[in-house]
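Here you go, one structure.
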Amino acid sequence: MAGWTTGKGTWAETAVAEYAGYSGFPFADRLTKKGSKDRGDVGWCPGVIAEVKYDKSLDLPGWLRETETERVNAKAAVGFLVVKPPGIGRTRVGLWWSVMYAGQWDELAQQAGYEPPEATVISGSAYKKELPALLKQPDTAAVVIRPNGVKNVRDWYVVTRLEQQVELLH
């Protein structure tokens, strides 16, 4: 299932916007597409956007690049990726995954005075196999992915549950 249909994308984006709304971001809304100048899928509040994916391919590198481009297009300070994991539906959106570059996540956590959780580190593309099982474990607070060949820790990926991202944004 490479790529996703408009129906799944719309469904997931709406679910995230609704979750944001009842999580303390009352003006969160799906963003309209702007062609090559897309500004993300959900505006949480001024300066914060999210890109939403419902796709089993787990192309985190490509999706994070897309999220960063859309963050810049939106002139937002914060952009993060939301991924709907297999087997977790609309009634548990807080368990969906939030993904950011480690450098951006660290800056946001520092500004918020948020104590970083213990993290499990995964190297390379092993995340595609290991991530779903790790994030189903209740004691896994965060997963850090070290992409192959990427030495700068700021360019690694931090994956948490969306409910943790909400805490961080508050």
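The values are calculated or read from the model by the stated rules, or taken from the named source; none is laboratory data. What you see is a predicted model; the values in this text were computed from it and never measured. Counting neighbours? That spans all protein chains shown, and the Cβs are built from the backbone with ideal geometry, glycine included. All accessible areas refer to the heavy atoms of the entire protein, side chains included, with ligands and DNA or RNA removed. Shrake-Rupley method; radii C 1.70, N 1.55, O 1.52, S 1.80 Å.
Go through the residues of the stretch 63-74 one by one and say whether even a single one is in contact with a Pro (Cβ under 8 Å, 6 or more places away or on another chain) and either open to solvent by less than 50 Å² (accessible area, probe 1.4 Å) or not charged (D, E, K, R) (or both).
Step one: list which residues in the stretch 63-74 are in contact with a Pro (Cβ under 8 Å, 6 or more places away or on another chain), which gives none.
No, the stretch 63-74 has no match at all.
Could you tell me whether the stretch 35-47 includes any residue that is within 28 Å of P132 (Cβ to Cβ), at pLDDT below 95 and polar (S, T, N, Q)?
Scanning the stretch 35-47 turns up no residue that is within 28 Å of P132 (Cβ to Cβ), at pLDDT below 95 and polar (S, T, N, Q).
Continuing with this model, one more query. Output the residues belonging to the stretch 120-129 that are exposed (fewer than 15 other Cβ atoms within 10 Å of the Cβ) and not basic (K, R).
Once the filter is applied, which keeps residues that are exposed (fewer than 15 other Cβ atoms within 10 Å of the Cβ) and not basic (K, R), the stretch 120-129 yields V121, S123, G124, S125, A126.
What's the total number of residues in the stretch 121-170 that are of a type in the set (S, T, Y) and over 22 Å from R65 (Cβ atoms)? Before the answer, list the steps.
To start, the set of residues in the stretch 121-170 that are of a type in the set (S, T, Y) comprises 123, 125, 127, 140, 157, 160.
Now drop any that are not over 22 Å from R65 (Cβ atoms), which leaves 140.
The number of residues fulfilling the criteria is 1.
If I ask for residues that are part of a strand (DSSP E or B) and open to solvent by 20 Å² or more (accessible area, probe 1.4 Å), which ones from the stretch 79-109 would you list? Break it down into steps so the answer makes sense when it comes.
Kept after step one, since they are part of a strand (DSSP E or B), are these residues of the stretch 79-109: 79-83, 97-101.
Correct list: Y101 only.
Here is a further query. What number goes with the only condition from (1) assigned to a loop (DSSP other than H, G, I, E, B); (2) crowded, with 16+ Cβ neighbours inside 10 Å; (3) not charged (D, E, K, R) that P117 does not pass?
So P117 meets the others, but not (2).
If you go through the stretch 134-166 one residue at a time, how many are part of a helix (DSSP H, G or I), at pLDDT below 90 and either in contact with an Asp or Glu (Cβ under 7 Å, 6 or more places away or on another chain) or open to solvent by 60 Å² or more (accessible area, probe 1.4 Å) (or both)?
Qualifying residue count for the region: 1.
Also, quick follow-up: Please find, among A109, A50, A28, A74, the residue that is over 25 Å from R154 (Cβ atoms) and either touching a Lys or Arg at 6+ places or on another chain (Cβ under 7 Å) or modelled with pLDDT of 90 or more (or both). Walk me through it before giving the result.
On the way: A109 fails: over 25 Å from R154 (Cβ atoms); A50 fails: over 25 Å from R154 (Cβ atoms); A74 fails: over 25 Å from R154 (Cβ atoms).
Answer to the check: A28.
Test P116 against the stated conditions and say whether it is over 22 Å from A15 (Cα atoms) and modelled with pLDDT under 90. Talk me through it step by step, then tell me what you get.
Values: over 22 Å from A15 (Cα atoms): yes; modelled with pLDDT under 90: yes.
Taking the combined requirement at face value, the residue satisfies it.
Looking at T32, T67 in this structure, which one is more than 13 Å from L81 (Cα to Cα) and among the polar types (S, T, N, Q)?
On the way: T67 fails: more than 13 Å from L81 (Cα to Cα).
That would be T32, the only listed residue that is more than 13 Å from L81 (Cα to Cα) and among the polar types (S, T, N, Q).
Take the residues in the stretch 20-43 that are assigned to a helix (DSSP H, G or I) and without any contact (Cβ under 8 Å) to a residue 40 or more places away in the chain; name whichever of them is least open to solvent (accessible area, probe 1.4 Å).
The initial filter retains those residues of the stretch 20-43 that are assigned to a helix (DSSP H, G or I), namely 20-22, 35-37.
If we keep only those that are without any contact (Cβ under 8 Å) to a residue 40 or more places away in the chain as well, we get 21-22, 35-37.
Working: G21: 31, Y22: 156, G35: 63, S36: 106, K37: 125 Å².
Per the stated criteria, the residue is G21.
Looking for something assigned to a loop (DSSP other than H, G, I, E, B) and in contact with a Gly (Cβ under 7 Å, 6 or more places away or on another chain) - is there at least one such residue anywhere in the stretch 3-12? Show your work before the answer.
Quick first cut of the stretch 3-12, residues assigned to a loop (DSSP other than H, G, I, E, B) only: 3-5.
Cutting the leftovers down to in contact with a Gly (Cβ under 7 Å, 6 or more places away or on another chain) gives us none.
No; the residues of the stretch 3-12 include none that is assigned to a loop (DSSP other than H, G, I, E, B) and in contact with a Gly (Cβ under 7 Å, 6 or more places away or on another chain).
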